[in-house]
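What follows is a single structure, written as structure tokens, with notes after it.
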Amino acid sequence: MSVTVFQNARVVDPSRGVDETGAVIVDGAKIAAAGASAHNQGIPGGATVVDCAGKTILPGLVDSRVFIGEPGAEHRETIHSASQAAAAGGVTSIVMMPDTDPIIDDIALVEHVLRAGRDTASVHVYPAAAISKQLAGHEMTEFGLLREAGAVGFTDGRHTIASSSLMRRALTYARDFGAVIAHETQDAELSANGVMNEGLYASWLGLSGIPREAEAIPLERDLLLARLTRGAYHAAKISTALSAAAIARAKADGANVTAGVSINNLSLNENDVGEYRTFFRLSPPLRAEDDRLAMIEAVKNGTVDVIVSSHDPQDVDTKRLPFADAAEGAIGLETLLGTALRLYHNGDLPLLRLAEVLSSAPAKLYGLPGGRLSPGAPADLILVGLDDPWVVREADIRSRSKNTCFEGARLQGRVLQTLVSGRTVFSI
Amino acid sequence: MTQAPSPPLFPHRHLLGIRDLSPADIEMLLDRADAAVSISRQSEKKSSTLRGRTQINLFYEASTRTQSSFELAGKRLGADVMNMSVASSSVKKGETLIDTAITLNAMRPDILIIRHQSAGAAALLAQKVGCSVVNAGDGAHEHPTQALLDALTIRRAKGRIAGLSVAICGDILHSRVARSNIMLLNALRAGVRVVAPSTLLPSGIERMGVTVCRTMEEGLKDADVVMMLRLQRERMAGAFVPSVREYFHYFGLDAEKLKAAKEDALVMHPGPMNRGVEIASEIADGPQSVIQEQVEMGVAVRMAVMQALLDPRRNPVGGAR
């Protein structure tokens, strides 16, 4: 097997708390060593040496909330095109949501996604299966068989489960299989017709608002059930201080809960909707600035465990509409790192913590092998120019859909090279 | 004989909302509308200001009153007016607003009047067409010509707008008329109060430049103008207020409640009215009511708006777009 030594880099491995100058030694598809100690080992005979002075090596990012159009809406995104976007964005593992057509609620679909990923994708694609059959919120899917087939977790994707008894049983039953239940919470009644954050801004625009409580009420229910069942619960995309406080309380009570936040809710607020810009119609909606700041604080203090892109490709047919009629969602795989690094450059988060919530923490949550640079781990890693400036341009977007919230944004920190299992899948 | 000086050039290509207008823009439109009133009162009502111009009315929501007002305004100015009836068009077959806009744009109209159920629809249309766009109501967002005609009605009756106390009563939450009026009246320095049950007030109302009143007595006290809003029947059956009976009891305008306002207070309603729900018949038809004048001013304001937007000094007939 071929050996490559990436030398003189800033090596960041959150799985071991490492942020130091050193080397990463890749032996075939695995990492042999990483960090200052790897540097001291010297260079094995026959190794290819790459000088990485001034560059940073991070574990390949693990994006645990990615919507893909395959099967059913390949005109928006295929597994192949999503993987190209991911590779360019430094994302080496994606957890794919079951909101496809047909829905991933059956082992045949899990197998299909794994096969398509293996055959067409340049990064690792892991399917999450539906909690409820047809995402209808009534009957549980076959957690055991789905898990054996390769589903890494369970989620109803964009849908919130209204039935408390189903949620209780799902948490209880999933526990037997060591699987996590990931859930986006939005009370359908309270958010009825709502299209953006409730408040003065929505009122002037004449748009129906979604109150913060619409997220918090089903979340609080779920957290009570997580305490009751001792099941593993992941609040997939929280967006408000209210929700962060609820998670913090549940964690303090010893419940087996974790939380995620979309990069959009860390980067943008309701004012970005501007004059009815539909690319900024998201779920959860962009909130007020104080909620955005509360989300950053929640990532910093450990209340929130993972950051996701919530990549959600939508085409012109679903976005070139009046705001209230447009679909929710924005793409994000290619801008995840650059937008997240704003938090590092601003001094909001240390690089080690940022790397953790983007790689090792989501990998741990879903039991994935990547997201770390420890010896024996898959050689999924990225070389990053932390300070390199770039501008997001629609023409450069690899995703089949172009609905980015960051068109024209100036970002600092760019992926120079992406390795998946030791193979270069992207380089500048 | 000296010719009247021509009015100053209106600095906007579209009329999408009151928000985009300066106080001077508003005054200019009201002045032009004043002049248009006299055209409508002549026996010869047709002028040739917009001769050769094409106006398309694109109404996604049925509105006999607003649509006919725009149609008449266009015809009195000599424009060719076409009404797109959405019910019988390809819109029903799933064509999107933007595709419809692009199609209509290819017919090279000079002005498009749009009424749509979604907030922001007029602004979206304006981005996609080469002609002027007038927002005739977009969801719960804005209805600028209604606010202008209300202002004209008030100004002609009271001689001014600054310093007046105006009470806007009813379903503020869903009302584009309320939003446009709040902005216009604030721009012209009137005092605005809103009166409604709290379930019909939008979030953040206290920061919208109004005084929030919980009772009609408080809201109407010494008011110069009482503006009633329509409450849709489906919102009265328990979703926002418990019943028509209870709503009328607390918020319907009757002679007793009107006593709190100044003796010469104007009573206004954008129509169509729910008699006995938000307003008693005797008040709607009473001496303080200017509801008929509002309709007349509507035509004048729409004439003024179209003249201002299609000012030949800016966009000459046959000129390049």
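Across the stretch B:3-48, what is the total count of residues that are open to solvent by 30 Å² or more (accessible area, probe 1.4 Å), outside any helix (DSSP H, G or I) and within 14 Å of chain A (Cβ to nearest Cβ)?
2
Of everything in the stretch B:125-138 that's closer than 20 Å to A:V195 by Cβ and surrounded by 24 or more Cβ atoms within 10 Å (Cβ to Cβ), which residue is nearest to the other protein chains (Cβ to nearest Cβ)?
Initial filter on the stretch B:125-138 (closer than 20 Å to A:V195 by Cβ): B:125, B:127, B:135, B:137-138.
Next, from what is left, pick out any that are surrounded by 24 or more Cβ atoms within 10 Å (Cβ to Cβ): B:125, B:135, B:137-138.
On the way: B:L125: 9, B:N135: 11, B:G137: 10, B:D138: 7 Å.
Among residues in the stretch B:125-138 that are closer than 20 Å to A:V195 by Cβ and surrounded by 24 or more Cβ atoms within 10 Å (Cβ to Cβ), the one nearest to the other protein chains (Cβ to nearest Cβ) is B:D138.
Evaluate the following for B:M268: is it at pLDDT below 95 and not aromatic (F, W, Y)?
No; evaluated as a whole, the condition is false for this residue.
Considering each residue of the stretch A:135-149, count those that are open to solvent by less than 90 Å² (accessible area, probe 1.4 Å) and among the charged types (D, E, K, R), and give that number.
Summing the residues that are open to solvent by less than 90 Å² (accessible area, probe 1.4 Å) and among the charged types (D, E, K, R) in the stretch A:135-149 gives 2.
In the stretch A:202-218, which residue that is facing another protein chain (nearest Cβ under 8 Å) and assigned to a helix (DSSP H, G or I) is surrounded by the fewest Cβ atoms within 10 Å (Cβ to Cβ)?
Filtering the stretch A:202-218 for residues that are facing another protein chain (nearest Cβ under 8 Å) and assigned to a helix (DSSP H, G or I), the one surrounded by the fewest Cβ atoms within 10 Å (Cβ to Cβ) comes out as A:W204.
Can you report the number of residues in the stretch A:211-226 which are charged (D, E, K, R) and touching an Asp or Glu at 6+ places or on another chain (Cβ under 9 Å)?
3
Go through the stretch B:271-321 and give me each residue that's at pLDDT below 95 and under 17 Å from the mean Cα position of the chain (by Cα).
B:G271, B:P272, B:M273
Step by step: first the residues of the stretch B:141-184, then only those that are under 26 Å from B:R214 (Cβ atoms) and basic (K, R), then the one that is most open to solvent (accessible area, probe 1.4 Å). Which residue is that?
Taking the candidates together, the pick is B:R176.
Could you list all residues from the stretch A:219-231 that are assigned to a helix (DSSP H, G or I) and open to solvent by 10 Å² or more (accessible area, probe 1.4 Å)? Reasoning before the result, please.
Keep residues of the stretch A:219-231 that are assigned to a helix (DSSP H, G or I), which gives A:219-229.
Answer for the stretch A:219-231, where residues must be assigned to a helix (DSSP H, G or I) and open to solvent by 10 Å² or more (accessible area, probe 1.4 Å): A:E220, A:R221, A:L224, A:L225, A:R227, A:L228.
Restricting to the stretch A:161-179, count the residues that are within 14 Å of A:P98 (Cβ to Cβ) and either within 14 Å of chain B (Cβ to nearest Cβ) or β-branched (V, I, T) (or both).
1
List, please: which pairs have Cβ atoms under 7 Å, are six or more places apart or on different chains, and start with a residue in the stretch A:15-36 that is assigned to a loop (DSSP other than H, G, I, E, B) and end with one that is surrounded by fewer than 19 Cβ atoms within 10 Å (Cβ to Cβ)?
A:S15/A:S374; A:R16/A:S374; A:G17/A:L352; A:G28/A:M1; A:G28/A:S2; A:A29/A:S421
In the stretch A:336-365, which residue that is closer than 20 Å to A:M97 by Cβ and open to solvent by 10 Å² or more (accessible area, probe 1.4 Å) is farthest from the other protein chains (Cβ to nearest Cβ)?
If we take residues in the stretch A:336-365 being closer than 20 Å to A:M97 by Cβ and open to solvent by 10 Å² or more (accessible area, probe 1.4 Å), then A:K364 is farthest from the other protein chains (Cβ to nearest Cβ).
On the given criteria, is A:A327 under 30 Å from B:I114 (Cα atoms) and either in contact (Cβ under 8 Å) with a residue 60 or more places away in the chain or within 14 Å of chain B (Cβ to nearest Cβ) (or both)?
So A:A327 fits the description; yes.
From A:N193, A:N197, grab the single residue that is open to solvent by less than 10 Å² (accessible area, probe 1.4 Å) and within 12 Å of chain B (Cβ to nearest Cβ).
A:N197
Within the stretch B:49-59, identify whether any single residue is in a helix (DSSP H, G or I) and not hydroxyl-bearing (S, T, Y), and answer yes or no.
No, because not a single residue in the stretch B:49-59 is in a helix (DSSP H, G or I) and not hydroxyl-bearing (S, T, Y).
Suppose we keep only residues that are touching a Phe, Trp or Tyr at 6+ places or on another chain (Cβ under 6 Å) and open to solvent by less than 10 Å² (accessible area, probe 1.4 Å) within the stretch A:71-116. Which one would you say is farthest from A:V420 (Cα to Cα)?
Checking each candidate, the answer is A:M97.
Which residues, counting only those in the stretch B:41-86, are β-branched (V, I, T) and under 23 Å from B:D311 (Cα atoms)? Quick ask: steps written out before the conclusion?
Going residue by residue through the stretch B:41-86, those that are β-branched (V, I, T) are B:49, B:54, B:56, B:64, B:66, B:81, B:86.
Once the filter is applied, which keeps residues that are β-branched (V, I, T) and under 23 Å from B:D311 (Cα atoms), the stretch B:41-86 yields B:T49, B:T54, B:I56, B:T66, B:V81.
For the structure I just gave you, tell me whether B:G204 is open to solvent by less than 30 Å² (accessible area, probe 1.4 Å), farther than 30 Å from B:T54 by Cβ and without any contact (Cβ under 8 Å) to a residue 40 or more places away in the chain.
yes
How about the stretch B:71-160: which helices (runs of 4 or more DSSP H) wholly inside it have at least 2 residues that are touching a strand residue (DSSP E or B) at 6+ places or on another chain (Cβ under 6 Å)?
B:121-128, B:144-158
Does A:D272 satisfy the condition of being within 24 Å of A:L61 (Cβ to Cβ) and either within 14 Å of chain B (Cβ to nearest Cβ) or among the charged types (D, E, K, R) (or both)? Break it down stepwise before answering.
Details: within 24 Å of A:L61 (Cβ to Cβ): yes; either within 14 Å of chain B (Cβ to nearest Cβ) or among the charged types (D, E, K, R) (or both): yes.
Spelling it out, A:D272 is indeed within 24 Å of A:L61 (Cβ to Cβ) and either within 14 Å of chain B (Cβ to nearest Cβ) or among the charged types (D, E, K, R) (or both).
Check B:V241 against each of (1) farther than 23 Å from B:S289 by Cα; (2) more than 14 Å from every other protein chain (Cβ to nearest Cβ); (3) open to solvent by less than 70 Å² (accessible area, probe 1.4 Å); (4) within 24 Å of the chain's Cα centre (by Cα) and name the one condition it does not meet.
(4)
Restricting attention to the stretch A:292-335, report how many residues are more than 19 Å from A:A355 (Cβ to Cβ), open to solvent by 20 Å² or more (accessible area, probe 1.4 Å) and not β-branched (V, I, T).
Looking only at that region, the number is 11.
Kindly state which strands (runs of 3 or more DSSP E) lie completely within the stretch A:37-103 and contain at least 3 residues that are over 19 Å from the mean Cα position of the chain (by Cα).
A:48-51
The values are calculated or read from the model by the stated rules, or taken from the named source; none is laboratory data. Quantities reported herein were computed from a predicted structural model and do not represent experimental measurements. In this analysis, Cβ positions are derived from the backbone assuming ideal geometry, glycine residues included, and neighbour counts consider all displayed protein chains. Each accessible area value is taken on the protein alone, full model and side chains, heavy atoms only, with ligands, DNA and RNA left out. Shrake-Rupley method; radii C 1.70, N 1.55, O 1.52, S 1.80 Å.
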